[in-house]
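Please treat every number below as a calculation from the coordinates, not as lab data. All values reported here derive from a predicted model rather than from experimental measurement. Here Cβ is always computed from backbone atoms with ideal geometry, including for glycine, and neighbour counts include all displayed protein chains.
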Amino acid sequence: MEPKQTVLITGATSGIGKELARLFAKEGYKLVIVARDEQKLEDTADELKEIGALQVTPISCDLSVVGSAQKLYNQVRKRRIVIGTLINDAGAGEHGFFKETPLDEELAIIQLNVTSLVQLTKLYMREMVRRDEGKILQLASIASYQPTPLLAVYAATKAFVLSFTDALINELKDSNVTMTALIPGATDTEFYVRANAENIKATENMAGPDVVAKIGFQALMNGKPHAVAPGMKSQILKSSLMSNQQVAAMARKQMEVKTTPS
């Protein structure tokens, strides 16, 4: 039996990324886990080894910084690690009216959600196509289908991710390399706290990151193009039948702060 290839996961110390890392660890894969916080990386690496990961390589990297994706790729190559599966999970958002939110924060979000994702996909997809094997999971969102006031930049980046992924799925159709878009709705992760959005209406009925990760894992391993979280298919259909302005009005209601009962 051939040894399982290494899986690289960005955003691997929390939320959906960490749950995906756990699933791969339980199956005995080697892992490269990437996040900013070195202590969290070490703690996560220890946990993943305990539950079955054959090997775990933690790499501290801030993918919201220009040039960081190339540096990450170079570090992995220096260690002579071949990546058989790439999971672009790391992402961020910033809640608020665009006229008021900090531009530097939003440029960093675009760098993380779009530029680093594109660069890592380019670098690793080329290797996979040369070998004619490999898998890539891209974290999209229900926001990929919904222009979202008060989370405008984040939603636009996720629309890019879905369009980009679907185009590459077509380009890869004659190869043994597959790509999957994971499409969650509101999920119980640190995202909303970091985005200053922990009290918005969208957080009232959130899915567990373990549930979302399992759906993404199964679709990725089966080479499916989309992995849609529970309850999202009806939202996608509804969004496709409405005008963008109607969808934006609907999405804005979910972005508003919850009212506290008096």
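Count of the stretch 58-92 residues, restricted to those that are touching a residue at least 24 places away in the same chain (Cβ under 8 Å) and farther than 16 Å from L20 by Cβ, is 17.
Only a single item in (1) buried (at least 21 other Cβ atoms within 10 Å of the Cβ); (2) more than 19 Å from the chain's Cα centre (by Cα); (3) more than 27 Å from V211 (Cβ to Cβ); (4) of a type in the set (A, V, I, L, M, F, W, C) is not met by A53, and it is number (3).
All of (1) free of Cβ contacts under 8 Å to residues at least 60 places away in the same chain; (2) within 25 Å of L107 (Cβ to Cβ); (3) β-branched (V, I, T) hold for I142 with one exception: (1). The residues in the stretch 178-216 that are within 14 Å of the chain's Cα centre (by Cα), over 16 Å from A12 (Cα atoms) and assigned to a helix (DSSP H, G or I) can be counted, and the count is 1.
Among the residues of the stretch 102-124, are any part of a loop (DSSP other than H, G, I, E, B), out of contact with any helix residue (DSSP H, G or I) (no Cβ under 7 Å at 6 or more places or on another chain) and without any contact (Cβ under 8 Å) to a residue 24 or more places away in the chain? Yes, some residue in the stretch 102-124 is part of a loop (DSSP other than H, G, I, E, B), out of contact with any helix residue (DSSP H, G or I) (no Cβ under 7 Å at 6 or more places or on another chain) and without any contact (Cβ under 8 Å) to a residue 24 or more places away in the chain.
Within the stretch 36-57, the set of residues being of a type in the set (A, V, I, L, M, F, W, C), out of contact with any Pro (no Cβ under 9 Å at 6 or more places or on another chain) and either assigned to a strand (DSSP E or B) or without any contact (Cβ under 8 Å) to a residue 24 or more places away in the chain (or both) comprises V56 only. The residue that is farthest from Y124 (Cα to Cα), among those in the stretch 11-35 that are touching a strand residue (DSSP E or B) at 6+ places or on another chain (Cβ under 9 Å) and part of a helix (DSSP H, G or I), is G15. Within the stretch 1-25, which residues are of a type in the set (D, E, K, R) and either within 17 Å of S116 (Cβ to Cβ) or under 20 Å from the mean Cα position of the chain (by Cα) (or both)? Passing the criteria: K18, E19, R22. For the stretch 231-262, a residue qualifies if it is touching a residue at least 40 places away in the same chain (Cβ under 8 Å) and over 23 Å from F97 (Cβ atoms), and the qualifying residues are G231, M232, Q235, I236, S240.
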